[in-house]
Structures are given as structure tokens and as C-alpha cells.
Amino acid sequence: MPDLIRGNAVIGQSGGPTAVINESLVGIIEGLRHAGAGTEGNPIRKILGMRHGVTGLVNDDLYDLTDCPHDRLQLLAQTPSAGLGSTRDKPDAAFCERIFEACKKHDIRYFFYIGGNDSSDTCRIVNELSDEKGYELRCFHVPKTVDNDLMVNDHTPGFPSAARFVAKACMADFLDNISLPGIKINVIMGRHAGFLTAASALARRDDRYEYEGGSTDGPQLIYLPEVAFDMDRFVQDVAKIYDKRQRVHIAVSEGICDKDGNSIGAQLIKGGQVDAHGNVQLSGSGAIGDGLADLLKERLTPAGGKAPRVRADTFGYVQRCFPDQSPLDQREARGVGRYAARLATSGDLDGSVAIIRTSPIGEGQPYAAKYQRIELSDVAAKTKHMPAEFIKGHNNVSQKFLDYCRPLVGKLPLYERI
């Protein structure tokens, strides 16, 4: 083992919780314990947890995880949502100074932060500040986000489980839609990246085809933030299917925008709340679905006739932490945590962990991936979008996306129809 600086390790969780974020927490603890952390004579004396991310660190609200029993950790790993509590704070320079001072106060030399884009940026800023101050602090970002929008990563822990929920929810909701026909809109998370909304396509059975080709199952229409959303075209898309079947099943990303990049949600949510970053809160409101439903009722009601039956649901926060985790997601979320601890105890000074797919994407191809250290600057405050080859037209996803996503979510149920 290389020479390690003496001090304590601290772990925090940030941003939206997921179904597997605690797997990463436990993975880091396991990795540090494997290196002897907390044992007599080991340079890493304590493993501390921040309560509600860096907010807890600056407020001295820390939890000692050094001797947490193994059976309790294993149960925690399987528990959805952030066990240490999370935060939406986006630290500015002054706040990062407070983080740095808290690290010195508690003799923290190993800093692990589990989170998404903003969390990786916090890790980067703290790392650069410690370098400027000449204080040795090993900073590692551990990936997490249901949006699947971290650069370099093939996919991000949290996404496969959320995608599994979306696929199964849309399966059941489509069956509801054919039982009581009408127009159904489901609004799915994803402000800037459409991966989670795209996962709704996994709900389609591929054994039922019309003569012109393509699945007859819903959602028949999928709208992603990567493709400009046009209100008139949306109405035409719906009308074409509704006129034929008297029912339509639709998946819409909360982040859809018009051709000028203006958020449809912000236009529909008048006077909506904003988050800490100034963004209109999309997931906590049903206004996008309700607004689109009202639009369809208005445009598709014949003169003197009856309005079509239109309903909308916003999947909301339940997508993030539904306790039906993808087995692959559980393994990889634990794995990225262990890998981060291994990097820190093997002499690396900083970095982020990425999941890199090593197998080709294609139907029937076996899945394989590896963990890899990347620079914090490669991922910090950057957003990955759905690539063009994953998108088909303006309201669908490609076969390549389905081949990409299927091995991540795990086996899905098969339902029969009469």
C-alpha cells in the first residue's frame, strides 16, 4: 500500500436521491475498510458521514460510520433514498471556503461526494481550493443521477432503476388505456436529457406488429427535450392515432422545449416555484400534463361535439426511489463506491468514477462494462444529452436505444392481451 496521509475520511450524498445511492455509500465504506480504515495504526482513522451533504459538514453535523455493523450496512445498501440525507446547495466561493475550513477542523483528508453534475462541480471546487491552500485533500466524485446525463459515463447509477420503474409503470398504464380508451399523458423526469422518458419505450411488446411495421403498444408517442416541441405538430400527432383507435398513450419529458429553447413547462406553469438554481420546479407540479391535456381537449373537440377523454399523470419523485431496483444498478452503484475508495487508498489524489461499456450495443449482445477514473473537469457542471442515434423522428426512439437500455433495467414482465 502506498504512503497515505493521516486523517479522516468523509462521505456525502447530494442532489436528488435514487433507489441505489446507499449502495454507493456502503461501497465507499467497504472499500475504505478493506484498506484498513478505522483499525489501529491505519492512516485513515475515522469514516464520517455528512448529514445533508456539505451543509452538514459546515454545520459540524457528522455521523461516525467507522464501526457501523456489517448487517446494518447491508440493509442500508438495499434501502432507497439518501441514508445520510441530501442537499440541493450549490456552493459559491464563500461557501466552499467554509467547506475547506470544516475539512481542516475535522482533520478530513479523504473527501467523497456522491451526486450528479453540480455535486461533481462542488467536488472540483473543493479540490482546487485545497490545492491552492497547500492542504492535501483527496477528493473523489461518485456518480449518481436518474437523468443519466453525466459526461463520459455510458450510464449513471440510479438511472437503470428509475428506467425500470418508468418502463413497468407505462406497461400497466397502457393496459389501463386500452381498457378505458382515451388520451393519456405521462410526464417523466428529465430537464435537459431524455433518457428516462425514452425508457418508456421498453413498455412496448415487440411481438405485436401491424402490417406497416412497428409495435402497436404504447406509448405510441414519446417527446424528448433533445427534439424541439411544437404544439401544433403535437396536436396533429395525437389526432392521427386517436382518429384511428380512439385512444393514445403518450410519454413527455418534463424538459421539453420549443424551437427557440424555451421551456414548455415554464410557459405552462405560470408563477411556478423555482429551485436553488433559478429553474422552474417541473417535477413537483402537474401543470405540464394538465396544460397539454387542456390543449388537446380544446383542439380536438369537434364543433358542437363532446371533448375527448384526456388524463395526465406526473410521475414525479416516485421515479427516483421506487423500491424495485435493477439488479445491475445495485451491483454497479456499489462498485463505483468501492472503486472510488480504491483510488483514494492507492495513491490517486482526485477524480470522478465513470462506468464505461466495453461490449457493443446490439440486440442479444452480452453486456460488459468497467470502472474508470476520469478528471473531475470532464464531468463537473456538464450535461450529456441523448445522442442522435438514440432518437427516431420527432416523437420516438430508435432500436439502438432499446438495445442500449434493455440490459440495464433487467428482465421485465410479459403481460398478455386478448
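Here are some notes:
- Where a residue in region 297-317 is closer than 20 Å to residue 250 by Cβ and in the same structural domain as residue 168 (by TED's automatic domain parsing) and its partner, wherever it lies, is of a type in the set (A, V, I, L, M, F, W, C) and in a loop (DSSP other than H, G, I, E, B), with Cβ under 6 Å and at least six apart: 297/307; 301/307
- Leading residue by the ranking (surrounded by the most Cβ atoms within 10 Å (Cβ to Cβ)) among those in region 63-92 that are acidic (Asp, Glu) and within 20 Å of residue 38 (Cβ to Cβ): 64
- Test: residue in region 134-154 that is touching a helix residue (DSSP H, G or I) at 6+ places or on another chain (Cβ under 8 Å), assigned to a helix (DSSP H, G or I) and touching a residue at least 12 places away in the same chain (Cβ under 8 Å): no
- Taking the criterion of being in contact with a Phe, Trp or Tyr (Cβ under 7 Å, 6 or more places away or on another chain) and surrounded by fewer than 24 Cβ atoms within 10 Å (Cβ to Cβ), the residues of region 157-171 that qualify are 169, 171.
- Taken over region 346-373, the residue count meeting the criterion of being closer than 16 Å to residue 141 by Cβ and in contact with a helix residue (DSSP H, G or I) (Cβ under 7 Å, 6 or more places away or on another chain) is 7.
- From the options 35, 19, 9, residue that is surrounded by fewer than 21 Cβ atoms within 10 Å (Cβ to Cβ), small (Gly, Ala, Ser) and in contact (Cβ under 8 Å) with a residue 40 or more places away in the chain: 35
- For the condition under 16 Å from the mean Cα position of the chain (by Cα), buried (at least 20 other Cβ atoms within 10 Å of the Cβ) and aliphatic (A, V, I, L, M), residue 336 qualifies.
- Test result for residue 71, of a type in the set (D, E, K, R) and in contact with a Gly (Cβ under 7 Å, 6 or more places away or on another chain): no
- Yes/no for residue 363 being without any contact (Cβ under 8 Å) to a residue 60 or more places away in the chain, more than 30 Å from residue 179 (Cβ to Cβ) and not hydroxyl-bearing (Ser, Thr, Tyr): yes
- Set 74, 78: member being among the polar types (S, T, N, Q) and touching a residue at least 60 places away in the same chain (Cβ under 8 Å): 78
- Check on residue 152, over 9 Å from the mean Cα position of the chain (by Cα) and either hydrophobic (A, V, I, L, M, F, W, C) or at pLDDT 95 or above (or both): yes
The values are calculated or read from the model by the stated rules, or taken from the named source; none is laboratory data. The structure presented is a predicted model; accordingly, all values stated were derived computationally and were not measured. Methodologically, a virtual Cβ is constructed for each residue, glycine included, from the backbone with ideal geometry; neighbour enumeration extends over all protein chains shown.
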